[in-house]
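The values are calculated or read from the model by the stated rules, or taken from the named source; none is laboratory data. Treat the numbers as computed from the prediction; the structure is a model and nothing was measured. With ideal geometry, Cβ positions are generated from the backbone for all residues, glycine too; neighbour counts draw on all protein chains shown.
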Amino acid sequence: MPDDLIQEALFGSLDDEPATSAPAPGELRVCALNINNPSMQRAQQTLSWLLANRSNVLILTELKPSDGTKLVISGLTAEGFEVCLPPSWAGGSYFTAVATRGLPQTSVAGPGDPRAVAVDVEHDGEQIRIVGLYGPTNGMTTDSSDRRRAFQKTFLEYLHTIRRPKLLLAGDLNIVEPGHQPPMASFEEHDYAFYTGLQRLGLVDAFRQAHPALHEHSWISDRYGAQRLDHLFATPATGTLVSCAYDHTPRTSRITDHAALLATFTLGVPA
């Protein structure tokens, strides 16, 4: 994609977006968003929204090596983000990206599937391992179920091998929690086992920690119902959870079909 198109798309894109304050020192501000392989027009809107959000960790899922995706990546890089892509991101499959700003980043070997990417970021001499994941979509067929089951098993094994005391996992996992409301008959036992498997690895559902009884959804379909598919899990040692909520602006403004999941942690020993 020509550099002049990238710059034209980037600069001036924030005119209608109120910028929030930058992260405070020692603050991890995470935004997980399924950007739905954007067209060029939606990519410009996505980039504008991401930059105005002022998170210092972005976990972006459902990317493909399209011009729209490349615009988002190039625009983030131009704004000082370090973007980690899986080695096979250009191969045509869906992939995930993790972008950080102001946090030294080192890539971590992935599971060999571009749906997952991992990095270490440094804060006060300690490392926090951040993993982004785009889980296989529930196609409500036997083949879809078999693919999801195999992927989930392999990913849990991978996560076990790379887990650290400070570990954060986020993205569109394409699962719902046990007890999800409304009930989702299309999800199977292995989907719920994947959720509980993350908990057995010491990871805590940040949204459920912040809102023990709230039923919220990140993807809403007239045909398939309202589902909480986008998640953020973190070990307690990662930091103190200050807030975790869904921002539906990207969905309601049709930038994508998902809400963004926003979370803020104060780094250091949890209170």
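General remarks:
- All of (1) free of Cβ contacts under 8 Å to residues at least 40 places away in the same chain; (2) more than 21 Å from Val117 (Cα to Cα); (3) small (Gly, Ala, Ser); (4) surrounded by 14 or more Cβ atoms within 10 Å (Cβ to Cβ) hold for Ser243 with one exception: (4).
- Pair list, Cβ < 6 Å and 6+ apart or interchain, from region 75-97 residues that are closer than 20 Å to Thr46 by Cα and touching a residue at least 12 places away in the same chain (Cβ under 8 Å) to residues that are of a type in the set (Ser, Thr, Tyr) and assigned to a helix (DSSP H, G or I): Val83/Thr77
- Residue that is farthest from Thr61 (Cα to Cα) [pool: residues in region 122-173 that are modelled with pLDDT of 95 or more and among the β-branched types (Val, Ile, Thr)]: Thr161
- Of the criteria (1) in contact (Cβ under 8 Å) with a residue 40 or more places away in the chain; (2) of a type outside the set (Phe, Trp, Tyr); (3) surrounded by fewer than 15 Cβ atoms within 10 Å (Cβ to Cβ); (4) outside any loop (DSSP other than H, G, I, E, B), which one Pro182 fails: (4)
- Residue within region 81-99 that is among the polar types (S, T, N, Q) and over 27 Å from Ser253 (Cβ atoms) present: yes
- Answer from Pro212, Pro236 - the residue that is surrounded by fewer than 20 Cβ atoms within 10 Å (Cβ to Cβ) and closer than 25 Å to Leu159 by Cα: Pro236
- Exactly one residue out of Leu33, Leu28, Leu47 is touching an Asp or Glu at 6+ places or on another chain (Cβ under 9 Å) and farther than 15 Å from Asp257 by Cβ: that is Leu47.
- Options Ala78, Ala32; residue that is within 14 Å of the chain's Cα centre (by Cα) and at pLDDT 95 or above: Ala32
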